[in-house]
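What follows is a set of notes on a single structure, which appears directly below.
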Amino acid sequence: MKKTFIPLALAAFLFVLALCTSCSDEKNQNHEGAEAKGGVFLGGIMRLNEIEAFKSLNPIAVNEVSGFHIGTQLFEGLVKFDQNNLAIVPAISNRWENNENQTEWTFHIRQGVKYHNDACFPNGKGRTVNANDVKFCFDKLCTADPNNTQFGVTFKDRVIGANEAFESSKAGKNISVSGIKVTNDSTLVIVLKDPFAGFLNILATAGCWIYPKEALDKYALDLRIHPVGTGPFYLETVKEGQVLILKKNPDYYGVDKDGNKLPYLDGLKYTFINEKKSEILEFKSGNLDMVYRLPVEIFHEIMGDLEHAKERKTDFQILSSSAFNTNFIGFNCSSSVFSKKEVRLAFNYAIDRHKIADFTIQGEGNSADYGMVPYVEAFENDGYNFKGLKGYTLNVTKAKELLKKGGYPDGKGFPKITMQINSSGGDRNISVAEVIQKMLKENLNIDIEINTVPLAEHMGQIASGKSDFFRLAWVGDYPDPETFLTLFYSKHIPTNPTENSFINYFRFKNERFDSLFSASFTESNMKKRYSLLSQAEQIVLDEAPFMPIFYDENFRLEQLNVRNFPENAMNYMDLSVVYLIPKDKMPEK
């Protein structure tokens, strides 16, 4: 027996559970846009900045924030997130059903969804999307490729035939994923190995965005800078590291509650100013409509205006929310020095996280007292045992004892190591690294060098295992603790140690963790599932493959004429519903 429901707007981090079995989008395209009527709204270009240049806009290769922010405007999957509350809403699929045990999902393709006009199509006209397109993209997602960073966090171990297709492709034989079936042009069936409560969240992530076979055939590796999707905007101009211009997709299917076509904006302009102070100056000069992440140096100066900003008495607006984001230092557990658990634990107990949060980043985030999963009240209400987790507090005596057990009494004989950090983020990454460097020297008598490199190089060095001690931040791909704990799942580590290890950058292996983590995949009871996951996180804390440092806070500055752009913990941006009020139509302060 099947039940029918319409997705409800849940609390910020409650995702749509698969306990009910069908979905319709009757209400999900209804966006507020009153000020966009009656000739007040005149279109316009929204100007944004990313402090890091994107690495790739090929969906299966997107693994950094800038690529995700831009790609979200160009592509859509079967479903997507609602930027108001991160609930799952329809996208290319307008409805779906699943069977009683939640292992067989049937998706119905929305009529009239078209690809962007592009030279890869006859006469340059984008064609209509069908179920075979989705099947093609999902088969590619399950194909071995040096640029494929998404298979491990999407269909691996979940969809029937996905693992077999991936392994077969390594030998040069491409086979279809048996668990993904096209019933007809408008219907697709996905069969899972086991029930998985978070499957819809997976389908909203970058790896499951849909693109045409024609684009891959024409552009091949250049798909990374020539994306063709179905999103509200299409790519018009790209000058890598300088500027990216997206224009309004005239064929986008989305409409607001009054039937007005989306997007409201005529286009988007992305720049790539990688120095935060310069970015803020551009914003204050009126050359950017929004910036996120505030430099520590001017954080309190700006936040001092918060109450006035909320009342629109300042020259800009400030929005804030807790971020679904953890900043940490990782250890390569396969390296000679960090293969020793005692050394990793010693480093953790030698760090004063509260001092870093209060003084180094000056309140821009909260000390990472729990672990990798940032605190979310909804998670705790559903059974995640945050309060029972035993993390790390500053304990110099314990740190020294552990280092001695690791074979380095008072730091003697400890090899000189390098902490690798990425160059984006203004001075914050450097400031935090320098404080950690000082703490390790003062508390453990260990010398650490700091090496700052561009993000693309940084990620390559980490994935290849060439960096033993590295800075990273992980933003949750979807609202579930699993999206953080999957970083430690040993099945993400390649059997060949010379291959890149995506996701499990620590090359951490623990059978008990894997057992608890994999058991959560099939547990349908939420409290039991979250109990399994919090037990798994305690094992990670006991083994210490990383040093949690702080959880970010999202602070965003907007010009006063920006509308319908809510903040959320994942910093997920759906710019199809955002609009700008012309300055001559702005209400007086």
- line: Share (percent) of C-alpha pair distances in the stretch 458-525 greater than 18 Å works out to 43 percent
query: Under the definition of Cα pairs under 8 Å and six or more residues apart, what whole-number percent is the relative contact order of the stretch 57-182?
result: 18 percent
- prompt: Under the classification rounded if a/c is under 1.5, otherwise prolate if a/b is larger than b/c and oblate if not, where does the stretch 61-142 fall, given a ≥ b ≥ c as square roots of the Cα gyration tensor eigenvalues?
  reply: oblate
Spin-label pair ASP514/ASP194, simplified geometry with 7 Å Cα→Cβ offset, distance in nm: 1.4 nm
- line: Given 322-331, 452-461, 47-56, the highest-first ranking by average Cβ count within 10 Å works out to 322-331, 47-56, 452-461
query: If you place +1 on the Cβ of every Lys and Arg, -1 on the Cβ of every Asp and Glu, and leave all else neutral, what size is the dipole of the stretch 112-206 about its Cα centre, to the nearest 20 Debye?
result: 140 debye
query: Considering the zone a paramagnetic label at GLU499 would reach in this model (a point 7 Å from Cα along the Cα-to-Cβ line), which residues of the stretch 48-64 have amide N under 20 Å from it?
result: 60-63
- request: Give the distance, in whole Å, between the Cα centre of the stretch 328-378 and the Cα centre of the stretch 129-177.
  value: 35 Å
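For ILE225, ILE351, ILE581, what ranking results if the residue with the fewest other Cβ atoms within 10 Å of its Cβ goes first?
By the 10 Å Cβ count, ascending: ILE225, ILE581, ILE351.
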message: Between SER464 and ILE430, what is the label-point separation in nm under the 7 Å Cα-to-beta-carbon projection?
response: 2.6 nm
query: Pairs LYS355/LYS387; LYS405/LYS441; LYS355/LYS405; LYS170/LYS213: which are spaced more than 24 Å apart, C-alpha to C-alpha?
result: LYS355/LYS405
- prompt: Any idea how far apart THR418 and HIS354 come out in nm if each label point goes 7 Å out from Cα toward Cβ?
  reply: 3.6 nm
Value of [θ]222 nm, deg cm²/dmol, for the chain, DSSP H segments ≥ 4, -39500 (n - 2.57) each, nearest 500: -7000 deg cm²/dmol
- request: Quote the relative contact order of the chain in percent (integer), defining contacts as alpha-carbon pairs under 8 Å separated by 6+ residues.
  value: 19 percent
Rounded to the nearest 20 debye, dipole of the chain from Cβ charges on Lys, Arg, Asp, Glu: 760 debye
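Can you flag which of LYS400/LYS491; LYS80/LYS140; LYS80/LYS247; LYS218/LYS466; LYS341/LYS466; LYS140/LYS491 are past 24 Å Cα-Cα?
Listed pairs above 24 Å: LYS400/LYS491; LYS218/LYS466.
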field: Rg followed by Dmax, in Å, when the stretch 136-191 is reduced to its Cα trace
entry: 11.0, 33
message: With a cap of 12 neighbouring Cβ atoms within 10 Å, and only residues DSSP puts in a loop, list the chymotrypsin sites (Phe, Trp or Tyr not before Pro) found in the stretch 459-536.
response: none
message: Which order do the peptides 168-177, 141-150 come out in when sorted by mean C-beta neighbours inside 10 angstrom, highest first?
response: 141-150, 168-177
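Laboratory data are not the source of any read-out in this text; all were calculated from the coordinates shown. All figures in this text were calculated on a predicted structure; none of them were measured in a lab. No Cβ is skipped: glycine too gets one built from the backbone with ideal geometry, and neighbour counts run over all protein chains shown.
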